[in-house]
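Asker: Right, I'll just put the structure down here and ask away after.
The values are calculated or read from the model by the stated rules, or taken from the named source; none is laboratory data. These figures come from a predicted structure and were not determined experimentally. Cβ placement follows ideal geometry from the backbone for every residue including glycine, while neighbour counts extend to all protein chains displayed. Just the protein is used for accessible areas: all its heavy atoms, side chains included, with ligands, DNA and RNA removed. Shrake-Rupley method; radii C 1.70, N 1.55, O 1.52, S 1.80 Å.
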Amino acid sequence: MKDEMNMAGLGLGTIAIHAGQRPDPTTGAIMMPVYQTSTYVQPELGRHLGYEYARTHNPTREAYERNVAALENGAHGIAFSSGLAATDTMMKLLSAGDHVVCGEGVYGGTYRLFDKVISRLGIEFSFVDSSDPAALRAAVKPNTRLIHLETPTNPMMRLSDIAEAAEIAKAAGALLSVDNTFASPYNQRPLELGADIVLHSVTKYVNGHSDMVGGIIVVRSDELHDRLRFLQNAAGAVPGPWDCWLALRGTKTIHLRMAAHNTNGQQIAEWLDAHAKVEQVYYPGLPAHPQHELARRQMRGFTGMISIEMGSLERAAAFVNGVRIFALAESLGGVESLIGHPAKMTHASIPRDRRYAMGLTDGLVRLSCGVEDVQDLIADLEQALAAV
């Protein structure tokens, strides 16, 4: 049976389909099996076949980890049961007394984890506007050990200059981690721009089918991998084999899905930008976006994520309640289109004054544009806006 394919020099679509896997050596099955087992029989005391216990090792999980690592042009993938589990485990690289500079525009669950949980363990946080490199640099302290960014941010679609942030982190002797969930490996590869750690809520674009919850970290450093692998096993927030198989199924079409998300997102953003009932559109693919040129430099495409300002909670509620194809739901990045109200849904844990300081008002609506026919999506938004 052939060995795992060498991915060097291959395109992203080929990597997505083949990386990290080989046909099953027993049957020749072309799809990775679901190794639905909690333990492994050992031939004799002191000798095993590379697998002892499923929290530590699982062949389905390993194939999935290798696949996403290749998509990010990294060396190692470490999988977790959710995106927040990945973030939580990453924070266990730190110790009491350490300081973290964090972009203020991170996902509400990340803010809640840092502000309400990790900070109680003696780790200090400074939340800053990470779209401003000077703000990142000014926030660094002698005990800064990590700079954490989300770019584009959720939901304001602000960008951080990853290469410049990497220089700031290196000068401070700190690690740079980038939450790449909104962009996906198709549109942006932070490790190539100098980041030490890239993480995803796999639930979103990486899986792309809204049928599992998962997270992953990708690194290039062997030393960082060893530390994170130890923490993965020690803390135990691992995904089950079926979720790993679903994610691995999802990555096989990431290049096709993301191209469609990008196309639909761009067309819908341009249409919304011209609509009289929409006060503001936040989308890095629009020339009016203040960081459009940065987006063109560090991203391949601008995703299907769009945020719009409707002016008030009442108008936002009327809009999100009026759609028919778009589904009012949490999450993003699936093939189906979703719509949400961040202030009352994904970012409800962030205090109102902090939200408003970032521009995240009660009138803000977030769209996750799926891969349906774009004219059907526009018609749906048109009929919903007509009633606002």
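Asker: What percentage of the solvent-accessible surface of the chain, computed with a 1.4 Å probe over protein heavy atoms, is contributed by carbon and sulfur atoms? Provide the component values of the computation, followed by the final result.
Answerer: Values: 8260 of 15600 Å².
That fraction is 53 percent.
Asker: Could you let me know the centre-to-centre spacing of region 293-321 and region 52-107, using Cα atoms, in angstrom?
Answerer: 28
Asker: As I understand it, the value is the acute angle between the Cα axis of helix 241-251 and the longest principal axis of the Cα atoms of the chain; what does it come to in degrees, rounded to 10?
Answerer: 60
Asker: Grab the beta carbon distance between Ala387 and Leu45, set R0 = 51 Å, and tell me the FRET efficiency rounded to 0.05. Kindly include the intermediate steps, with their values, before the conclusion.
Answerer: Working: r = 71 Å, r/R0 = 1.40.
Taking R0 as 51 Å, the efficiency between Ala387 and Leu45 is 0.10.
Asker: Please check which bits of region 209-223 a label hung off Leu10 would reach, taking the label as a point 7 Å along Cα-to-C-beta and the cut-off as backbone N under 16 Å.
Answerer: Within reach of a label on Leu10: no residues.
Asker: Still on this structure: Dipole magnitude of the chain about its Cα centre, charges +1 at Lys/Arg Cβ and -1 at Asp/Glu Cβ only, in debye to the nearest 20? Intermediate values should be presented prior to the final figure.
Answerer: Details: 34 positive and 42 negative charges, 106 e Å.
Value, rounded to 20: 500 debye.
Asker: Rounded, prolate or oblate: pick one for region 279-330, where a ≥ b ≥ c are the square roots of the eigenvalues of its C-alpha gyration tensor, a/c under 1.5 means rounded, and failing that, prolate if a/b is larger than b/c, else oblate.
Answerer: On the way: a/c = 3.95, a/b = 1.90, b/c = 2.08.
Since a/c reaches 1.5 but b/c is at least a/b, the shape of region 279-330 is classed as oblate.
Asker: From the helices alone, meaning DSSP H stretches of at least four residues, give me the mean residue ellipticity at 222 nm for the chain, per-run term -39500 (n - 2.57), in deg cm²/dmol to the nearest 500. Kindly include the intermediate steps, with their values, before the conclusion.
Answerer: On the way: 14 runs with 138 residues, N = 388.
The helix contribution divided over the chain gives -10500 deg cm²/dmol.
Asker: Further question on the same structure: So how tilted is helix 254-273 from the main axis of the chain? Cα-based, degrees 0 to 90, rounded to 10.
Answerer: 10
Asker: Mind checking the dipole of region 151-263: about its Cα centre, +1 per Lys or Arg Cβ, -1 per Asp or Glu Cβ, Debye to the nearest 20?
Answerer: 360
Asker: Report the normalised scattering of region 1-79 as log10 I(q)/I(0) at q = 0.13, 0.23 Å⁻¹, calculated by the Debye formula with identical scatterers on the alpha carbons.
Answerer: -0.47, -1.14
Asker: Right, another one. Could you report the chain's accessible area per residue, 1.4 Å probe, as an integer in Å²?
Answerer: On the way: 15600 Å² over 388 residues.
Value for the chain: 40 Å² per residue.
Asker: Calculate the dipole size of region 43-123 relative to its Cα centre from +1 charges on Lys and Arg beta carbons and -1 charges on Asp and Glu beta carbons; express the result in debye to the nearest 20. Please report the intermediate quantities before stating the final value.
Answerer: Details: 8 positive and 9 negative charges, 38 e Å.
Magnitude of the dipole: close to 180 debye.
Asker: Run through every distinct alpha carbon pair of the chain and return the Kirkwood hydrodynamic radius in angstroms, one decimal place. Intermediate values should be presented prior to the final figure.
Answerer: Details: mean 1/r = 0.0465 Å⁻¹.
Taking the inverse mean of 1/r over all distinct Cα pairs, the chain comes out at 21.5 Å.
Asker: Mind checking the full-extension length gain between Gln267 and Lys92? Use 0.36 nm per residue of separation minus the Cα-Cα distance, one decimal, nm. Don't skip to the end; give the middle numbers.
Answerer: Numbers: separation 175, 0.36 × 175 = 63.00 nm, distance 4.15 nm.
Extra length from Gln267 to Lys92 when fully extended: 58.9 nm.
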